[in-house]
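Values in this text are rule-based calculations from the coordinates and carry no lab data. This is a predicted model, so every value here is computed, not measured. Every residue, glycine among them, receives a Cβ derived from its backbone with ideal geometry; neighbour counts consider all protein chains shown.
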Amino acid sequence: MTSTKKSAGSSAKAEKSYDGFTDEERDAMKERAKELKASARRGSGAKKADGESDLLAKIAEMPEPERAMAERIHAIVQASAPTLSSKTWYGMPAYAKDGKVVCFFQSAGKFNARYATLGFNDPANLDDGSMWPTAYALTELTAANEAKIGELVAQAAS
């Protein structure tokens, strides 16, 4: 009969190895579960203001300069695509059409990334040939960047 016990050396080695999800990914999944529970409690007649307040609370938790960037993107989305509803998605500010997330803002701190990201999901109407970008790295918001974001969001929501 063979032993199934591992030596102390092999168990220490196993603890250091990648086990599937990072702590940040697990936290995001927990946040998504909370969002789904809150949505279910609110019911289908939930007010648009509920999603807006959740989104603004997530933005308020962000450190500077990402908070300012997220606030500006929120204003751009509202101006460029007023039909999109505000919500949180995996703990990130997001904007949905018919309940499906069209675009989202991911702070660099969310997954310990080098830069913040403006991302677009499948419902975004950005198709252009056989290949197009679905996420944009953001290190700062210039006037040109803001104009481009406004164009992308308006097209995505169309």
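In debye, nearest 20, what is the charge dipole magnitude of the stretch 64-158 about its Cα centre with +1 on Lys and Arg Cβ and -1 on Asp and Glu Cβ, if you could check?
Once rounded to the nearest 20, the dipole reads 240 debye.
For the peptides 89-101, 27-39, 124-136, what is the packing order when you average, over each peptide's residues, the other Cβ atoms within 10 Å and list the highest mean first? Before the final figure, lay out each step's value.
Values: 89-101: 19.3, 27-39: 14.2, 124-136: 11.3.
Per-residue mean Cβ counts within 10 Å order the peptides as 89-101, 27-39, 124-136.
Starting from 0.36 nm per residue, how many nanometres of slack lie between THR134 and THR22 once their C-alpha separation is accounted for? Before the final figure, lay out the partial values.
On the way: separation 112, 0.36 × 112 = 40.32 nm, distance 2.30 nm.
Extending this stretch completely gives an extra 38.0 nm.
Could you tell me which GluC sites (Glu not before Pro) in the stretch 64-158 are loop residues by DSSP with no more than 14 other beta carbons within 10 angstrom of their beta carbon? Can you show the working numbers first?
Details: sites: GLU66, GLU71, GLU140, GLU146, GLU151; in loops: GLU140.
Counting only loop positions with at most 14 other Cβ atoms within 10 Å, the GluC sites (Glu not before Pro) in the stretch 64-158 are GLU140.
Cross-link partners among aspartates and glutamates for LYS97, C-alpha distance below 13 Å, same-chain residues fewer than 8 apart left out?
Filter leaves ASP122.
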